[in-house]
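Colleague: What follows is a single structure, and I will ask about it in a moment.
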Amino acid sequence: MKKKENRGIRKKRYLLPILVICLLITLRLLLPFVVKNYVNNVLADLPGYYGQVSDIDISIYRGAYVIHDLFLNKIDAGSQVPFIDLEKTDISIEWSALFKGKVVSEIVMSRPQFIYVFEDHQNEKAVDPDLEDWTKALTDLVPIDINNLKIVRGKAAFVQLNAEPNIDLYLNEIELNATNLRNVVRTENELPSQINATAVSIGQGTFKLEGKMDLVKQIPDMDISFSLQEASAKALNDFTNHYAGIDFVDGNLNVFSEMAIANGYLTGYVKPLLKDLKLVDPEQDKFLNILWEGFVGFFKFILKNKGNNTLATKVPLQGDLNHVETKVWPTIWNVFKNGWVKAFKGVIDNDVNFEDAEKGAKNTK
């Protein structure tokens, strides 16, 4: 009898661990379906938008989950082009931050696409941003604060489908890296977060962005610069012809900019340069086109710099973020200054810094 009782006790001793293991295996198998259901519910509850994910992978040992093929679009959109299309999004715990006493996450987005279709958004009405904010849906997918963000081979585009031909302005091959967004690594710097990005624009231009930020504040502070160089002007013909009746046969577009924001006050500039431009000759039977081309040609002659054949200006920006001002007369003066006084250099000027924005914020109080 005692032997039978001992065998029964041993069976019960092993039964509990076996049940626990079976339960864990079952939970592990069910977890992707539970997370997928959660993600789809978050997307379904977003006012004004609809979205879905196709699959979820769970990696317990990394403390991560991977979202496959997430898309988001406006409910009243006329097109079927997703506003956001994320091929693969890897969301994981940043283990290195745990040693600093912070529980934060890092996200790697592979081949994300952000497509703004003009017709889908042109009839938008002013809404409470708290009631219709698609960015909130994406952040709700991450249960903890995001500290590092990486984008691999992304795309951003502005598309107008009703134009003939269609307008498609885009940045391809976006590589972005933003670190220390939640200020996990404590430094003496006022702007603890770093951001760097590169891309290839329409017309095979080279886009670069770099800067520092403080996203912990309600209105983020930042000091950034970006440039677009050697983009073919011909690639812009669909856009310029539709809105201004201008076609280019040669030349390139360059844009340089610096912007700083401190306590809600912005200061900076945008400097566009058009170099070696040549316009397409209008058809002789289109009298209005001839007049327009002549008008543009006249101002190109007056305003372009004769030394390096550039048409350029420098547009200063400053003011409260809710009332950003573009200074009209300095912009006009800068156009003539480039043509007859001194050519603008095709580089970032490095004459805007974070301290300028801080001084401007103090002066507005």
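The values are calculated or read from the model by the stated rules, or taken from the named source; none is laboratory data. Fair warning: this is a prediction, and the values are worked out from it, not measured in the lab. Don't worry about glycine lacking a Cβ; one is built from the backbone with ideal geometry, like all the others, and counts go over all protein chains shown.
Colleague: Filter the stretch 349-365 for residues that are modelled with pLDDT of 80 or more and not charged (D, E, K, R); which is surrounded by the most Cβ atoms within 10 Å (Cβ to Cβ)?
Modeller: That would be 357.
Residues are listed down the side, and each one gets a yes or a no for (1) out of contact with any Gly (no Cβ under 8 Å at 6 or more places or on another chain); (2) assigned to a helix (DSSP H, G or I); (3) of a type in the set (Lys, Arg); (4) modelled with pLDDT of 65 or more:
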| site | (1), (2), (3), (4) |
| --- | --- |
| 3 | yes, yes, yes, no |
| 8 | yes, yes, no, no |
| 16 | yes, yes, no, no |
| 31 | yes, yes, no, yes |
| 38 | yes, yes, no, yes |
| 47 | yes, no, no, yes |
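Colleague: Of the residues in the stretch 224-249, how many are modelled with pLDDT under 85 and not in a helix (DSSP H, G or I)?
Modeller: Filtering the stretch 224-249 for residues modelled with pLDDT under 85 gives 240-249.
From the residues that got through so far, the ones that are not in a helix (DSSP H, G or I) too are 245-249.
Result for the stretch 224-249: 5.
Colleague: Let me ask something else. For the list (1) surrounded by fewer than 17 Cβ atoms within 10 Å (Cβ to Cβ); (2) assigned by TED's automatic domain parsing to the domain that holds residue 51; (3) over 15 Å from the mean Cα position of the chain (by Cα); (4) modelled with pLDDT under 90, I need the number of the one condition that residue 219 fails.
Modeller: Failed condition: (2).
Colleague: So which residues in the stretch 67-121 are touching a strand residue (DSSP E or B) at 6+ places or on another chain (Cβ under 9 Å) and among the polar types (S, T, N, Q)? Talk me through it step by step, then tell me what you get.
Modeller: Going through the stretch 67-121, the residues touching a strand residue (DSSP E or B) at 6+ places or on another chain (Cβ under 9 Å) turn out to be 67-75, 77-94, 97, 102-121.
Listed by number, the residues that qualify are 73, 79, 80, 89, 92, 105, 110, 113.
Colleague: If you take the residues in the stretch 69-112 that are surrounded by fewer than 14 Cβ atoms within 10 Å (Cβ to Cβ) and aromatic (Phe, Trp, Tyr), which one is farthest from the chain's Cα centre (by Cα)?
Modeller: 99
Colleague: Considering only residues that are surrounded by 19 or more Cβ atoms within 10 Å (Cβ to Cβ), of a type in the set (A, V, I, L, M, F, W, C) and either outside any loop (DSSP other than H, G, I, E, B) or in contact with a Gly (Cβ under 6 Å, 6 or more places away or on another chain) (or both), which ones fall in the stretch 162-194?
Modeller: Matches in the stretch 162-194: 167, 171, 174, 178.
Colleague: So, in the stretch 195-206, how many residues would count as being surrounded by fewer than 15 Cβ atoms within 10 Å (Cβ to Cβ) and assigned to a strand (DSSP E or B)?
Modeller: Here is the first cut: in the stretch 195-206, the ones surrounded by fewer than 15 Cβ atoms within 10 Å (Cβ to Cβ) are 196, 204, 206.
Applying the additional criterion that residues be assigned to a strand (DSSP E or B) yields 196, 206.
Qualifying residue count, the stretch 195-206: 2.
Colleague: Taking into account only those residues within the stretch 238-249 that are touching a helix residue (DSSP H, G or I) at 6+ places or on another chain (Cβ under 7 Å) and either outside the structural domain of residue 347 (by TED's automatic domain parsing) or not aliphatic (A, V, I, L, M) (or both), which is surrounded by the fewest Cβ atoms within 10 Å (Cβ to Cβ)?
Modeller: Only one residue fits best here, namely 245.
Colleague: Here's something else I'd like to know. Tell me the residue from 209, 253 that is surrounded by fewer than 20 Cβ atoms within 10 Å (Cβ to Cβ) and aliphatic (A, V, I, L, M), please.
Modeller: On the way: 253 fails: surrounded by fewer than 20 Cβ atoms within 10 Å (Cβ to Cβ).
On inspection, the qualifying residue turns out to be 209.
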